[in-house]
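The values are calculated or read from the model by the stated rules, or taken from the named source; none is laboratory data. All values reported here derive from a predicted model rather than from experimental measurement. All Cβ positions, even for glycine, are placed from backbone atoms using ideal geometry, and neighbour counts span all protein chains on display.
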Amino acid sequence: MLAMWVPELPFQLACGREGGLEGRPLAFLNPEQPRTPTLWFVNRLAKAEGVRAGEPMDQALRRLPGLRVLDPAPQTWWEAHAYLGDFLVRWTPQGQLGRMGEAMVELHGTEGLYGPPRDAAWRIRRELQGAHGWLSHGGLSESATAAHLAAHLEHELEQVTDGGESGFLAPQPLKNLPDLAPRLRARFRRLGLLSFGDAQPLPLPTWSELVPAALAPKLRSQVRGEDRVKLPLLTERPGSSRHSWRQEPPRLPEEIELAAWTLNRLWADPRSPRTLSLRWWDVDGETHFWRAPETALTEPPLNLARALEAAFRAGSTRRILVRQVELRIAWGLGRPRSLFPEPRTAKLDHLEPALARLRKRYPENPVLPGWMVAV
C-alpha cells in the first residue's frame, strides 16, 4: 500500500493562490479571534526561526519581521483535503484519508493498469504535482505503519521491501506510533522501552499487561510491521457520529419513538454502519448499554431500527422514566450483501431510498412504515 503525505497543505494552497509567498516564513492567524491575536499554523521556515503555533502575533512579528501572517480559510483546506480523496479514487477504489494532507491507498490489483506499485506511486505523485503543484512524499510497504512512517521521512518515495518492515521500524521512537496514548508512552518510557526495536521482542502476554488487552494485538503487529490492514472504499469514507436525544420531560420506554428517530439518522447518511451502539440513562442516573450484533448490521435500516427499539424495550426492565438516549454509529466499509438475499430483504432494499426521500421532502408529516404506526 502507498501512504501519501502533502506536508503543509494549507501553505501550499496559499502559495498557489498568491504569488510571492513561496520561500517565505508564513503563519495563519487564529480564527477564534482571542483578545490577543495568536498564530494558528506555522510553516517550517518560520519554525526554523523560532516562531511557534499559539504565540502572540505581535511577539512573533518582533522576532521575525519578515513573517507573513495570513487570514485562515479552513473551508478551503477541507475542500482540498476532500479533493485529494477524489483524485486518488481515479487510481484505486480502496483507500483512507488521514489527517490534513495524509492518505493511504491500496495499489494491489492495479498492476494491469499502472504497472508495479512503485511505478504507479511515481505516476500518482507526478500527476498530483502537475495538476495542482502539490509536493507530496510517499511511503510504499505491505505494512500500514511502515508505509506511514516512510512517507514522513520526506523523501520523494521511500519503499520498504517485503520482509524488511521490522528492521525499518526498529530505530523509530515509540512516540511515532499514533495508536499509543501518551500515558501508555510514559509507561513504556519508565520501563526503558523507547523505540520500536525495544518493543518488538515483547510477547503478547507482556503487551496485555502494559496496554489494554483488546489493544495489545494491534499495537504488537504495528510495532513489528505485521499490520496488513484492509482499507475501506474511498467513496465511502469511514467516520463516526454521535446522536443524543434528551427527553423533556422524561418518559416511559414505550412512549419513546426510538425506531423512527433511529431511521432518520440511518437514512440521513449515505454510508453503511460498521458498528452501532445505544446508551440510555434513567432519571436516577442509571446507565444502560446495547451494541448491535454483526448480524443485525447486515439487515436493511428498517429491520435494524426495529431491532434496536426491541432491544431498548427489553433492556428497560426497571419500569422507570428515561431521561436521555444516545446513539453512536461508526460508519465503515458498507453493508455486506448475500448472494441470494431473502425476498423480503430485497424488497426493503428497494423501498428504503424512496422512504428516505419522502421523509426529507415532508419532514413535518413523514411517511412511516405500517409496523411503526401500529407501535
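Of note:
- Residues within the range 263-314 that are on the phi > 0 side of the Ramachandran plot and either touching a Leu at 6+ places or on another chain (Cβ under 8 Å) or not assigned by TED's automatic domain parsing to the domain that holds residue 251 (or both), tallied: 0
- Some residue of the range 238-254 being at negative phi, part of a helix (DSSP H, G or I) and over 19 Å from the mean Cα position of the chain (by Cα): yes
- Scanning the range 121-144 for residues that are out of contact with any Lys or Arg (no Cβ under 9 Å at 6 or more places or on another chain) and within 25 Å of residue 165 (Cα to Cα) yields 121, 122, 123, 124, 125, 139, 141.
- Extreme residue, modelled with the highest pLDDT, among residues of the range 322-347 that are on the phi < 0 side of the Ramachandran plot, surrounded by fewer than 16 Cβ atoms within 10 Å (Cβ to Cβ) and assigned to a loop (DSSP other than H, G, I, E, B): 342
- The listed residue being under 15 Å from residue 136 (Cβ atoms) and among the basic types (Lys, Arg), out of 68, 44, 99, 63: 99
- Top-ranked residue of the range 34-82 - restricted to ones that are in contact (Cβ under 8 Å) with a residue 24 or more places away in the chain and within 20 Å of residue 105 (Cβ to Cβ), ranked as farthest from the chain's Cα centre (by Cα): 80
- Restricting the first member to the range 1-30 and to residues that are outside any loop (DSSP other than H, G, I, E, B), and the second to residues that are among the β-branched types (Val, Ile, Thr), the beta-carbon pairs closer than 6 Å and six or more apart or on different chains are 2/105; 27/42; 27/69; 29/69.
- The condition of being of a type in the set (Gly, Ala, Ser), surrounded by fewer than 16 Cβ atoms within 10 Å (Cβ to Cβ) and more than 23 Å from residue 137 (Cβ to Cβ) holds for only one of 23, 54, 16, that being 54.
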